[in-house]
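Undergrad: Pasting in a structure now, in structure tokens, and then I'll have a few things to ask.
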Ligand code: HEM
Ligand code: FES
């Protein structure tokens, strides 16, 4: 939490996260480039550039798949939450791996071209009207541009400058980049592949991303309104929230609400942390304050304000309990509005 906006600095968990990520990438590339060829018995092995291109290209695709899976996986199972914590470094590393792939492609494809490699890349193939021989590189270029923009704006400064809403919308571009990479490979490498492995693995990855999103989305299906005229929506049974924990409640047409149980009373605030939109409902109450699971910003239960000297504020929501069920009025109160916590009968 911050009195003014202060970026979250490095800490031991971030270093461990990054070290594991680098080790996994290093292992993948090492096995692909130096171990696997020793066990391969083919008359025409891949040349160095093609091998580098395939190693870094496939690695970038798997990393991108993992990034897109982390969000829904963490919604479905809290044990994936630690992966969410430092997802931005994941993104920046993916961008670096993708850039290495693109660099290998430029070196290999255009090393004998009299033209500048970038000019050759953009003008070498203009068969846009046909699927066979389509200039699949354009999809790779688009995906790479998106990754570079997202990596460049991943710092907290940009989050603060662009506002969390715009920043989040910008980062949704990752889905467009993923689609572009799938087209890049489907119209490129898969057209000439003699081995079905790449096609099978890519299909499984795309199915995994899709399935996890559908499963996480259906969990967050908006609860029913009590009646067409009633503003109250059913959040769930009081018993579904353990002491000191929260419940994320999807709201039709709005941002989710986080309902917390503390000291035998219930309070509701916006589920979006004022720092980086972290999922507050997946956090806990620590020292009497809702504590964000991502970087530990804290908010008071009754008014959604960070304790002094900090200044962040969340929207609060009216609650009531009927027949053991929690009901929420989904219209948000202005951030920082006091709402008396509701005693659990
Ligand atoms: C300037 C951008 C890019 C260029 C010029 C480029 C170029 C290429 C080329 C020439 C190939 C080989 C196609 C073949 O074997 O017929 C390829 C394959 C591939 N690219 Fe890209 N690419 C770019 C960006 C990307 C990005 C951003 C990703 C992923 C995030 C990506 C993932 C892949 C994958 C997975 C393959 C298949 C590798 C394999 O054969 O196993 N590419 N790319
Ligand atoms: S503390 Fe960073 S998102 Fe909540």
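We did not get these values from a lab; they are worked out from the coordinates using the rules stated. Because the structure is predicted, anything quoted here is derived from the model rather than measured. Note: ideal-geometry Cβ built from the backbone for every residue, glycine included; neighbour counts use all protein chains shown.
Undergrad: Calculate the all-directions average of the projected area of segment 233-343's alpha-carbon convex hull, and give it in nm². Working shown, then result.
TA: Values: hull surface 24.3 nm².
In nm², the orientation-averaged hull projection of segment 233-343 is 6.1.
Undergrad: Continuing with the same structure: Taking only the alpha-carbon positions of segment 117-185 and ignoring solvent, what does the Debye formula give for the base-10 log of I(q)/I(0) at q = 0.13, 0.19 Å⁻¹?
TA: -0.48, -0.77
Undergrad: Give the calculated FRET efficiency between residue 22 and residue 243 to the nearest 0.05, with a Förster radius of 41 Å applied to their Cβ-Cβ distance. Write down the numbers at each step before the final one.
TA: Numbers: r = 40 Å, r/R0 = 0.97.
For residue 22 and residue 243, the calculated efficiency is 0.55.
Undergrad: Run lengths n ≥ 4 of DSSP H only: what is the helix-derived mean residue ellipticity at 222 nm for the chain, with -39500 (n - 2.57) per run over all residues, to the nearest 500?
TA: Working: 11 runs with 156 residues, N = 345.
Result for the chain: -14500 deg cm²/dmol, rounded to the nearest 500.
Undergrad: From the C-alpha coordinates alone, can you work out the Kirkwood hydrodynamic radius of segment 12-219, in Å? Show your work: numbers first, answer last.
TA: Working: mean 1/r = 0.0538 Å⁻¹.
The Cα-based Kirkwood calculation yields 18.6 Å.
Undergrad: Using Cα centres only, tell me the gap between segment 121-167 and segment 241-269 in whole Å.
TA: About 38 Å separates the Cα centre of segment 121-167 from the one of segment 241-269.
Undergrad: Could you give the length gained on full extension between residue 127 and residue 33, defined as 0.36 nm per residue of separation minus the Cα-Cα distance, in nm? All intermediate terms of the calculation are to be shown ahead of the outcome.
TA: Working: separation 94, 0.36 × 94 = 33.84 nm, distance 3.23 nm.
Taking 0.36 nm per residue and subtracting the Cα distance, the gain is 30.6 nm.
Undergrad: Just how far, in whole angstrom, is segment 270-328 from segment 49-98 if you go by their alpha carbon centroids?
TA: Between the Cα centres of segment 49-98 and segment 270-328 lies a distance of 29 Å.
Undergrad: Given bins 10 angstrom wide, list per bin the percent of all Cα-Cα distances in segment 286-345, short to long.
TA: In order of increasing distance, the bins hold 23, 45, 28, 4 percent.
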